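Here is the structure we will look at, set down as structure tokens.
Since every read-out is calculated from the coordinates, none of them should be taken as a lab result. Because the structure is predicted, anything quoted here is derived from the model rather than measured. A quick note on method: Cβ atoms are made from the backbone with ideal geometry, for glycine too, and the neighbour counts reach across all protein chains shown.
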Amino acid sequence: MINQARICAEFARQAAIESPSYQEKLMAEYLKERFSALGASLQEDRAGSQIGSQSNNLIFRLAGTKVGAPLMLSVHMDTVGPTAGLVPVLEDGVFRSQGDTILGADDKSGIAEIIEALEVIREEQIPHVPLEIVVTVCEEVGMLGAKHLDFSLLEARRGLALDTTGAEHAIHRAPAAKRIQVEITGKAAHAGVAPENGISAIVIGAKAIAAMHLGRIDAETTANIGRLKAGQAVNIIPQHLSLEGEVRSHNPEKLTKHVAQIVACLEREVNKADIMVEGQKIEASLKVKVFDDYPAMHVPLHADILQLVQQAALTAQVPLQVKAAGGGSDANIFNAHGIETVIIGTGMNKVHSVEEEVKVADLVKIARLLVEVIRAA
Ligand SMILES: [Zn+2]
């Protein structure tokens, strides 16, 4: 049923089109042509100009050939780097790069699987409900495309996102994340001549970080300080420190609680750092910005879309394990907009590295699963 040579050629063509985030123009042009050849119509939103990308999000539609609720399939067209000079190599049934770039199986394996499934649907004239294929831009830089997607263009209230590693699981839960941006201001002074007149922003930050609960906090919560910037010279007491971190949790109360713990550590150390210089009190100060990075997703185990995928997996004889994930993706955004979306693995592995790979057998397997999902939807 699945044409292995065709899906391999499709994947290789796409992988060879470099499309790092923000520079998706050539990939978008290719996809417009490719989906048009499959009989799909195109709608674009205006996300590109809003986020500074070369392309908008693309929505391809295939009219239903049977009555039923529309189904969304989602993928992203951008990749991480490095991509310069990317050449996909197929050896012993596995696609890899030449070793000095990523491969881009994240997420082009998913796009190739959708295209192959649509080829089969057409060849075998399999009746299907209306299909909405959403291809986003700038997923890899904070789901910017999905966050700016014009959701009024979508009718589907259920969907699949093809965008995770492996080819044996469906993800129904993912955490929410909050970002924390911090500016600590102390007081600059000559470190050798008058250190007692200075307040080191680095020392305040270091003490605060040492008291924070970071790393894995529990099974559903993690926290990290990932960026730190400070200092001008070794003989100057540093006046400014900026740091940036995140907390992720499947549980909204824990998310709030652990952000508060981090902020409390900062406040405590900043408040303790005052000094007196010539009878005058000099105080350190703190600015904290907390913002929502992405919302949690939680598709209940009894949800229709999950039942549909599991049933299709049985038919296609693809063992599929339902589980939770630790990261956010476009699917978090779709779920928050009322499109109940489950993520499935595309076969991509070792992603975001030059060792990224995808097995041909997995491309075929997931394309087959998609055919059965579309048939049963
Ligand atoms: Zn991805």
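Structure above, values below:
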quantity: The chain - share of DSSP beta bridges that are antiparallel (%, nearest 5); calculated: 75
quantity: Computed magnitude of the charge dipole of segment 176-294 (debye, nearest 20; Cβ of K, R +1, Cβ of D, E -1); calculated: 140
quantity: With Cα atoms, 0 to 90° folded angle of helix 4-15 axis to the chain main axis; calculated: 30
quantity: Lys/Arg +1, Asp/Glu -1 at C-beta; the chain dipole; positive extreme among Gly39, Thr341, Asn224; calculated: Asn224
quantity: Length added when fully stretched, Gln181-Leu90, from 0.36 nm per residue minus Cα-Cα; calculated: 28.4 nm
quantity: Rounded if a/c under 1.5, otherwise prolate or oblate - segment 291-346, Cα gyration tensor axes; calculated: prolate
quantity: Burial order of peptide ranges 146-154, 206-214 (average beta-carbon count within 10 Å, highest first); calculated: 146-154, 206-214
quantity: Tilt relative to the chain, helix 252-272 - C-alpha long axis, 0 to 90 degrees, to 10; calculated: 20
quantity: Helix-derived mean residue ellipticity, 222 nm - over the chain, DSSP H n ≥ 4, -39500 (n - 2.57), to 500; calculated: -10000 deg cm²/dmol
quantity: Listed pairs Lys207/Lys257; Lys147/Lys254; Lys257/Lys281; Lys32/Lys323; Lys257/Lys289 exceeding 22 Å between Cα atoms; calculated: Lys147/Lys254; Lys257/Lys281; Lys32/Lys323
quantity: Thr346, Thr164, Thr256 arranged by Cβ crowding within 10 Å, fewest neighbours leading; calculated: Thr256, Thr164, Thr346
quantity: Rounded, prolate or oblate (a/c below 1.5 giving rounded, otherwise prolate when a/b exceeds b/c) for the chain by Cα gyration tensor; calculated: prolate
quantity: Centroid-to-centroid separation of segment 50-102 and segment 175-216 [C-alpha atoms, Å]; calculated: 41
quantity: Per residue, the convex hull volume that the Cα atoms of segment 176-294 enclose (Å³); calculated: 86
quantity: Degrees, to the nearest 10: 360-376 long Cα axis against longest axis of the chain; calculated: 70
